[in-house]
């Protein structure tokens, strides 16, 4: 349970109260998108699906030492290029994570793979390492990696280039929000690896700048999020232009009927690996803050002024609301970065870099703009606006309480 120790003395009065932890006494929530902060969304308020406040209040488990995963392999066991193994060491990778331990072997063998894994499980390296080795062995191999968001695509590119150091493997990025011309120029150089978002990849294909039929290796990452964001037709379009003989790798946190439908179109006799991280629910203190008529902006301001709130991710439901909140907090003297769909790609990357490098301690974000991001050491997640679904709530709060550390999730309710 979150107690009033997280607030300054001036804040522990009757202006607002906290939920009562797992018991949730007196909690009543009708599911409105905003409370006392009138005008935050700049229009008629939308109702969200009713979330039981008891679901948002849970004491983190004591950090009992978890039974360590015992990998069957060391990185040195895998038959990969010596320079690639050296790059793994330089990146600080010592022991394979479960998804790496179980997926690298089948991918090296050329099998299709389904990986059921959350962000933060090491899945990016799990598919990059064997694919990079495949290219060193056969320079005609080309890889297409599709991600739901620009930020995730950029993260994959950065990791790819770090692992490919010294291997003379050319990779490029094809995402929206930036000029298409440099991307077209890079594609003319016939890159070994193309990493992109569905919409921009489809545009390049339709302009005859990208020949998808040349890619004998395809990776779909965070497929459930791609479909949530409305990319199902774009994804199916890309799949329809792939060569029949190919290796297909498919990663998703969940297997919904829609995800299964895409999977069946893409894969042939896949090896399925499920290693979903469970620490999210165990390492996070979850509680609600009842506004009791007080303006949410003032409550948030008081929270962010507390010393314990060292690295805070604040979620809102609309890009307009997030932008307005950023300006309001700036006026109150709090420096924040904002991540939402109205920002261009350079602005989004700068905001993310500032937060990751601790130049800014507060990042305001919408669900879509932040999906797939792996940000270390987030101490608090604050739901300024409640999400549409409990699944989205779990995805939000999973940004804290990682790597064996405890995190705190707070949700504003009326």
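The values are calculated or read from the model by the stated rules, or taken from the named source; none is laboratory data. Note that the structure is a prediction, hence the values are computed from the model and not measured. Virtual Cβ from ideal backbone geometry, glycine too; neighbours counted across all protein chains shown.
Out of everything in region 394-405 that is farther than 16 Å from residue 306 by Cβ and modelled with pLDDT of 85 or more, what residue ends up being surrounded by the fewest Cβ atoms within 10 Å (Cβ to Cβ)? My answer is 396. Residue count for region 91-113 under the criterion of being within 15 Å of residue 219 (Cβ to Cβ), modelled with pLDDT of 95 or more and in contact with a strand residue (DSSP E or B) (Cβ under 8 Å, 6 or more places away or on another chain): the result is 7.
Testing residue 238 on (1) in a helix (DSSP H, G or I); (2) farther than 24 Å from residue 159 by Cβ, one condition comes back false. Which one is that? Evaluating residue 238 over (1) in a helix (DSSP H, G or I); (2) farther than 24 Å from residue 159 by Cβ leaves (2) as the failure.
Which residues, counting only those in region 142-183, are in a helix (DSSP H, G or I), within 15 Å of residue 220 (Cβ to Cβ) and touching a residue at least 60 places away in the same chain (Cβ under 8 Å)? If the condition is that a residue be in a helix (DSSP H, G or I), within 15 Å of residue 220 (Cβ to Cβ) and touching a residue at least 60 places away in the same chain (Cβ under 8 Å), then 152, 156 are the ones that fit.
Determine whether residue 135 is closer than 15 Å to residue 107 by Cα, in a strand (DSSP E or B) and either over 16 Å from the mean Cα position of the chain (by Cα) or outside the structural domain of residue 348 (by TED's automatic domain parsing) (or both). No; evaluated as a whole, the condition is false for this residue.
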